[in-house]
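A.B. asks: Pasting a structure below so you can have a look.
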There are 2 protein chains.
Amino acid sequence: MSYEIEQLLNKHGVKPTPQRAVIAEYLMSTMSHPTADEVFQAVENKLPVSLSRATVYNTLNTLVEKGVIREVVTEAGKARYDANISDHHHFVDLETGQVMDVPLEEIGNLPIIQPKFMDGSFEVQNFQITFFGKRK
Amino acid sequence: MSYEIEQLLNKHGVKPTPQRAVIAEYLMSTMSHPTADEVFQAVENKLPVSLSRATVYNTLNTLVEKGVIREVVTEAGKARYDANISDHHHFVDLETGQVMDVPLEEIGNLPIIQPKFMDGSFEVQNFQITFFGKRK
DNA sequence: TATGTATTTAGACTAATTCTAATCCGAGAA
DNA sequence: TTCTCGGATTAGAATTAGTCTAAATACATA
């Protein structure tokens, strides 16, 4: 397991194991916002032992809880995962389902939204903008 | 079936049936963004015949396709439905899971976001902001 | 009344995810 | 070194959300 991945997991309080390492490594390597099943298929042959789907789900949940990755929900029915934890938003191509990162720069001088929500009785911790559209 | 619901369905090209009417009526009556199962439970006894879950799913999909209601996805694993089709966004209470409407007024003078996305090779049709937080 | 099309139904099926119980592994303790 | 204990992993069962199928039903119109 690469030193960088080991460091990354340790830094977030996640004990590095071979399974967690290949999953995290795969997520770092792709911009495709894979589903749990796509992660499973991408890494199942990268280990000397068989990999259980339960481990993939456990690991993804752990990595999200510990802040190593983000869960992205753009469509009903399944979750996607994103190793880019910098502040950004998402674009969904309605024709292909492809999910792409939208860096803050891309959306111009959008002010930080601080909604005074419900007469101030709720506190907004963060927000997520999802753009929907298609290739021109 | 109420005249207003019948009108609403007709206006959107949906043939009014008793099943569709009670489902649409329930959605108009609540701000709770129910899931398909919550809709089923809320209306199953409001008809003289038994109601099939398939009918609830069929109806919700039809109503979304015809623009009578909106599908709202805020968490992985299930869809929610919203009869408020005016332009607005959503707030999710992370402690209760409750989903609330955020009218445009609530978020101040947010400019219409027209991201120049990926060097203009994608066309944004619409976007959805989801706020996450909790009660103060 | 006959017919055709859309709608509804129950239940089978599928997909995504979680749960369970057994096994495995590795870091200290003896 | 061997023991032990807790966390991690495994295969497969179970659960949940949603779709599909085939048969029955309900209408609208000829």
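Only the coordinates and a few stated rules stand behind these numbers; no lab work does. The structure presented is a predicted model; accordingly, all values stated were derived computationally and were not measured. Note that we place each Cβ from the backbone using ideal geometry, even for glycine, and neighbour counts take in every protein chain shown.
A.B. asks: Place a +1 charge on the Cβ of each Lys and Arg in the stretch A:15-103 and a -1 charge on the Cβ of each Asp and Glu, then give the dipole magnitude about the Cα centre in debye, rounded to the nearest 20.
C.D. replies: 480 debye
A.B. asks: Hey, another quick one. How would you rank A:L9, A:L27, going from fewest to most other Cβ atoms within 10 Å of each one's own Cβ? Each step should come with its number before you reach the end.
C.D. replies: Details: A:L9 21, A:L27 24.
So the residues, fewest neighbours to most, are A:L9, A:L27.
A.B. asks: Taking the beta-carbon count within 10 Å as an exposure proxy, list B:I5, A:I23 from fewest neighbours to most. Display every interim value, and only then the final one.
C.D. replies: Numbers: B:I5 18, A:I23 31.
Taking fewest neighbouring Cβ atoms as first place, the list is B:I5, A:I23.
A.B. asks: Another question about this same structure. Which distances in nm, rounded to one decimal and ordered from shortest, link the label point of B:K15 to the equivalent label points in the other identical copies, with labels set 7 Å from Cα toward Cβ?
C.D. replies: Here B:K15 shows inter-copy label distances of 6.2 nm.
A.B. asks: Given label points at 7 Å from Cα along Cα→Cβ, what nm distances, shortest first, separate A:M28 from the same residue in every other copy?
C.D. replies: Nearest to farthest, the other copies are at 5.6 nm.
A.B. asks: What whole-number volume per residue, in cubic angstrom, does the convex hull of the C-alpha atoms of chain A give?
C.D. replies: Numbers: hull volume 20.6 nm³, N = 136.
Taking only Cα atoms, chain A has a hull volume of 152 Å³ per residue.
A.B. asks: Please get the size of the charge dipole for the protein assembly as shown, origin at its Cα centre, with Cβ charges of +1 on Lys and Arg and -1 on Asp and Glu, quoted in debye to the nearest 20.
C.D. replies: Details: 26 positive and 36 negative charges, 93 e Å.
Once rounded to the nearest 20, the dipole reads 440 debye.
A.B. asks: Next up: Looking only at other chains, what is the average number of their beta-carbon atoms within 10 angstrom of each beta-carbon in A:119-129?
C.D. replies: On the way: counts 1, 1, 2, 10, 6, 7, 5, 5, 11, 7, 7.
For this peptide, the per-residue mean of nearby foreign Cβ atoms is 6.
A.B. asks: Which pairs in the list A:K15/A:K66; B:K46/B:K78; A:K134/B:K116 are over 18 Å apart, alpha-carbon to alpha-carbon? Intermediate values should be presented prior to the final figure.
C.D. replies: Values: A:K15/A:K66 11 Å; B:K46/B:K78 24 Å; A:K134/B:K116 13 Å.
Among A:K15/A:K66; B:K46/B:K78; A:K134/B:K116, the Cα-Cα distance tops 18 Å for B:K46/B:K78.
A.B. asks: Also: For A:M100, what charge total do you get from the other residues with a beta carbon under 15 Å from its beta carbon, if Lys and Arg give +1 and Asp and Glu give -1? The partial results should precede the final answer.
C.D. replies: Numbers: positive: A:R70, A:R80, A:K134, A:R135, A:K136, B:K116; negative: A:E75, A:D82, A:D93, A:E95, A:D101, A:E105, A:E106, B:D119, B:E123.
The answer is -3.
A.B. asks: Let me ask something additional. Report, in deg cm²/dmol and to the nearest 500, the calculated mean residue ellipticity at 222 nm for chain B, where each DSSP H run with n ≥ 4 adds -39500 (n - 2.57) and the sum is divided by the residue count. Write down the numbers at each step before the final one.
C.D. replies: Details: 4 runs with 42 residues, N = 136.
The per-residue figure over chain B is -9000 deg cm²/dmol.
A.B. asks: In nm, what does the list of distances from B:K66 to its counterparts in the other copies look like, shortest first, when each label sits 7 Å along Cα to Cβ?
C.D. replies: Distances between equivalent label points, in nm: 5.1.
A.B. asks: Moving on. Run the Debye formula on the Cα coordinates of the protein assembly as shown, all scatterers equal and no solvent, and tell me log10 I(q)/I(0) at q = 0.12, 0.13 1/Å.
C.D. replies: One equal scatterer on each Cα of the protein assembly as shown leads to -0.88, -1.00.
A.B. asks: When DSSP beta bridges are limited to those with both residues in the protein assembly as shown, what percentage is antiparallel, rounded to the nearest 5? Working shown, then result.
C.D. replies: Working: 31 of 39 bridges.
If we restrict to bridges inside the protein assembly as shown, about 80 percent are antiparallel.
A.B. asks: While we're here: Taking amide H positions as placed in the peptide plane 1.01 Å from N, state which residues far from B:V72 in sequence (5 or more) or on other chains have amide H under 5 Å from it.
C.D. replies: B:R80, B:Y81, B:D82
A.B. asks: Express as a percent, rounded to the nearest 5, the fraction of DSSP beta bridges in chain B (both residues included) that run antiparallel. Display every interim value, and only then the final one.
C.D. replies: Working: 9 of 13 bridges.
Close to 70 percent.
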